[in-house]
Each structure stands twice: as structure tokens, then as C-alpha cells.
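Where a number appears in this text, it was derived from the coordinates with a stated rule and is not lab data. If you're wondering where the values come from, they're calculated on a predicted model, not measured in any experiment. Because the Cβ atoms are built from the backbone with ideal geometry, glycine has one as well, and the counts that use them run over all protein chains shown.
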Amino acid sequence: MDLELTDSQLGVRDTVRRFAAERLDQAGIETDRTHEFPAAIIKELGELGIMGIFVPETYGGAGMDHVSYALAIEELSVQCAATGVIVSAHSSLAMWPILGLGTEDQKRRFLPEMAAGRHLGCFALTEPQAGSDAAGQKTRALRDGDCYIINGTKNFITNGPQARVAIVFAMTDPAAGHRGISAFIVDTGTPGWQVVRNEDKMGIHGAHSAQLSFSDMRVPADCLLTQEGQGFKVAMKTLDGGRIGIAAQAVGIARAALEASLKYAGERRAFGAPIGSFQAIQWKLADMAVEVDAARLLTLQAAALKDAGAVHTTQSAMAKLFAAETAMKAATEAVQIHGGYGYTREFKVERFFRDAKITEIYEGTSEIQRLVIASHVLGER
Ligand code: CAA
């Protein structure tokens with residue numbers, strides 16, 4: 001594996017780093033305080049080409065690769081983890097399945113507006129009773145002439161209230177278990193689509209996670225993604241890529257925690273010296289630095305495999321698992337280094353701590369990532 005980033009990958013990283021420092025530093029604080037969706041930022045990211053970063057130019061995207069995508073999500077998440085997940089869910093979970101698995105007509109119909117950031121995407125898999133056990137779908141899709149009629153409820157759907165395009169999973173044949181699930185590309189303007197409520201969450205306040213309900217929602221049959229009964233595989237393949245985005249988001253949060261801690265360790269004095277001169281603090285900083293680098297390398301490895309068209313299920317699970325746990329650890333240590341101040345809203349590390357936690361939960365909990373990895377190392381898959 002080539003560990004050197006190309007000039008264009010470095011260019012994306014530096015552009016997004018500059019944008020994030022200029023536009024997201026304050027916006028990150030504001031969205032956390034107000035819980036408002038950062039619509040103006042998403043519009044600007046669309047104009048910069050970041051909302052369609054790995055979509056080929058033919059479909060209106062920037063034509064870059066998944067390594068660039070991971071670098072961009074890390075940079076956004078250093079300043080605002082909520083923006084990181086808004087872009088990641090839109091890109092990996094909504095645009096990728098259309099790009100990677102859709103028909104030519106579906107790509108031409110949906111991708112250009114999405115890649116420009118004008119139509120946001122979401123991924124509606126999780127249900128009140130189907131989280132880790134994603135195969136336990138209760139949402140039903142019944143064929144009726146040239147349409148499917150979809151009824152059901154979805155939970156915790158990132159971008160649910162703002163999305164114009166949704167990848168929706170529903171049972172077309174409940175007797176067939178996971179082989180009875182189908183995936184649909186849904187225009188959220190379809191009658192019967194309803195946003196029930198936004199969850200009041202611990203962190204990532206600017207990214208809205210909604211409960212959705214579908215009642216007699218008629219979706220044209222040509223919006224079926226792949227074939228009937230293939231929906232579970234669509235979900236799993238999509239999450240293989242989605243987990244790279246969340247790993248990158250977690251690397252960003254961990255790096256932010258490290259950078260804030262380095263700054264504070266140089267400024268804060270105790271016992272007549274900066275606290276960074278004490279070994280107890282130095283060891284924490286050293287461990288954080290090692291883990292941030294290791295998490296990034298795992299993330300870029302998974303992204304490079306995806307770019308090469310290779311199977312990346314295990315590597316993306318490893319990246320997400322390690323990066324999420326690194327983010328949580330780094331944020332915890334950052335609060336500890338900041339002492340009492342770290343527990344107040346005055347310092348950003350308090351937000352990093354709240355934002356980090358979700359990376360161990362969504363797009364497959366750490367326990368689910370360990371199952372995926374174990375099934376690979378045990379030779380079951
Ligand atoms: N790629 C392709 N196919 C795959 C696959 C993959 N990565 N993983 C599994 N499959 C296939 C298997 O080969 C098998 O195929 P057959 O039907 O031909 O036998 C089929 O899928 C079923 O596989 P399993 O028996 O392994 O499935 P399982 O029911 O035991 O589930 C699981 C496996 C890993 C636990 C899975 O359910 C899972 O990933 N759960 C977590 C769900 C999740 O990540 N949810 C997150 C929701 S999205 C979110 O958080 C979004 C947000 O808004 C931020």
C-alpha cells in the first residue's frame with residue numbers, strides 16, 4: 001500500500017482544512033448551542049464540490065476518490081462533527097448506493113442535484129425494533145401495478161428532516177427473512193412521507209436524527225434499487241463504505257481533542273510550570289497522538305481498498321471500531337487534562353466528549369464491528 005497522498009488528495013485536505021477553520025470554528029459552537037441544521041454551510045460545501053466528492057463528473061460530482069472523501073470528513077469533523085456526519089450520511093449512505101448499485105437512469109435522475117448539495121440524502125434502515133438486528137425490518141412494501149406502497153416507521157435517521165432523497169428499506173416478502181428485504185430510492189416529497197420528530201440528543205446537535213413514518217407512500221417501481229430481495233445486501237455493502245465516513249469523523253474528533261489538549265497543556269500552569277511539562281500529561285498526549293495516527297491509517301487503508309474496488313468489509317469495520325474508541329478515549333483524556341474547565345461549556349472539549357460517543361453507536365455499534373471482524377478472522381466469511 002502506498003502511504004503517500006497524491007497532490008490532488010493533499011489539495012482536497014488543505015482546501016477543506018482552510019474552509020473548516022474559517023467557516024466551521026464558530027458554526028460548530030453555534031450549531032451545538034442552537035441545535036440548528038447548518039444549511040448555509042452545506043450550501044457552501046456544495047459549491048466547493050464536497051457534497052459530491054467521489055461522484056464522477058459525468059453525474060455532476062467532483063470525480064475524486066474515497067481517500068479524498070475520508071480526508072475531507074476528518075477535516076470537517078475537527079471543527080464540527082455534526083457537519084461531518086451530515087456530509088458523510090449524504091455521501092456514503094445515500095449517494096453511494098445509487099452510484100454503486102443503481103441503474104444508469106437512476107444515476108442520471110438523482111445524482112446531479114445530490115452531488116451539488118441541493119438535494120440532501122438520508123438512509124432509512126433503522127427501525128424502533130430493528131437496530132443492530134437490521135434484518136428485523138417491519139416496514140412493508142407491497143407491489144401495486146407500477147408502484148410499491150410503503151408503510152412503516154424508521155428511527156434515528158440522520159438528515160431525515162432535510163433530505164430530499166432517501167434510501168428506504170422495506171420487506172417485500174416477510175416470510176423470506178433478510179432475503180425478503182428490498183431497497184428503494186424515495187423522493188421525500190412523496191405523499192405519505194412524514195417526519196414525526198427530531199430526537200433530543202447528547203451531541204452532534206446540528207445533525208438532525210429523526211423518526212420517520214410512511215403511510216401508504218406510493219413509490220414508482222423504477223425506484224427499486226437492484227432487485228426485490230436484495231435490500232439487505234444493499235444495506236450491508238453501503239454500510240461497508242459508510243463506516244469509512246464515520247471512522248474519518250471519529251479521527252477528526254480525536255484530533256480536535258488532541259489539538260485542544262496540546263494548546264491547554266502549554267498554557268495552563270500548575271506547581272510553577274506548564275502542565276505539559278509533567279509526565280502524567282505527556283503520556284496522555286503521547287498515547288492520543290499515536291492513536292489518532294493509527295486510526296487515520298486504518299481509515300485511509302479501508303478507503304484505498306474501496307477505491308481499488310476490493311472487498312473492504314473487515315477493514316472498514318476495523319477502522320470504525322478503532323477510530324470510534326480512539327475518539328472516545330481522546331475526548332475523555334482531553335476533559336481530564338482540562339480539569340474542572342473541561343467540564344464546562346466554556347471549553348470545546350466538553351462538546352468533543354458528547355460528540356465522540358455516537359461514533360461508537362451509529363452505523364453499527366462497536367460490538368457489531370467486533371462481530372464483523374471476528375467472522376472474518378475466524379474464516380466464516
Ligand atoms: N456485503 C455484502 N453482503 C453481506 C455483507 C456485506 N458486508 N454482510 C453480510 N452480507 C450478506 C451475507 O453474505 C448473507 O448473504 P446470504 O443471504 O446470501 O446468505 C446475508 O447478508 C446475511 O448475512 P448475516 O447472516 O451475516 O447477517 P446477520 O443478520 O447475522 O447480520 C450484521 C449481520 C453484521 C449484524 C448486520 O445486521 C449489521 O451490520 N447490523 C448493524 C446495522 C447497522 O450498522 N445499522 C446502522 C444503521 S445506519 C445509521 O446508523 C445511519 C445514520 O443515520 C448515521
Query raised in the report: Could you say whether any residue in region 284-295 is under 28 Å from residue 368 (Cα atoms), surrounded by fewer than 18 Cβ atoms within 10 Å (Cβ to Cβ) and in contact with a Ser or Thr (Cβ under 9 Å, 6 or more places away or on another chain)?
Result: yes
Query raised in the report: Could you count how many residues in region 121-139 are under 22 Å from the mean Cα position of the chain (by Cα), assigned to a loop (DSSP other than H, G, I, E, B) and among the small types (Gly, Ala, Ser)?
Result: 4
Query raised in the report: For region 194-222, which residues satisfy the criterion of being closer than 21 Å to residue 151 by Cβ and surrounded by fewer than 21 Cβ atoms within 10 Å (Cβ to Cβ)?
Result: 194, 195, 196, 197, 211, 213, 215, 216, 218, 220, 221, 222
Report summary line: The one condition residue 284 fails out of (1) in contact with a strand residue (DSSP E or B) (Cβ under 8 Å, 6 or more places away or on another chain); (2) within 30 Å of residue 4 (Cα to Cα) is (1)
Requested in this report: Mind listing just one residue for me: the one in region 119-160 that is over 20 Å from residue 204 (Cα atoms) and of a type in the set (Ser, Thr, Tyr) and, of those, nearest to the ligand (Cβ to nearest atom)?
Outcome: 132
Query raised in the report: Within region 1-17, which residues are more than 21 Å from the chain's Cα centre (by Cα) and part of a helix (DSSP H, G or I)?
Result: 7, 8, 10, 11
Query raised in the report: When residues of region 326-369 are filtered for being in a helix (DSSP H, G or I), surrounded by fewer than 24 Cβ atoms within 10 Å (Cβ to Cβ) and near the ligand (Cβ under 10 Å from one of its atoms), how many remain?
Result: 2
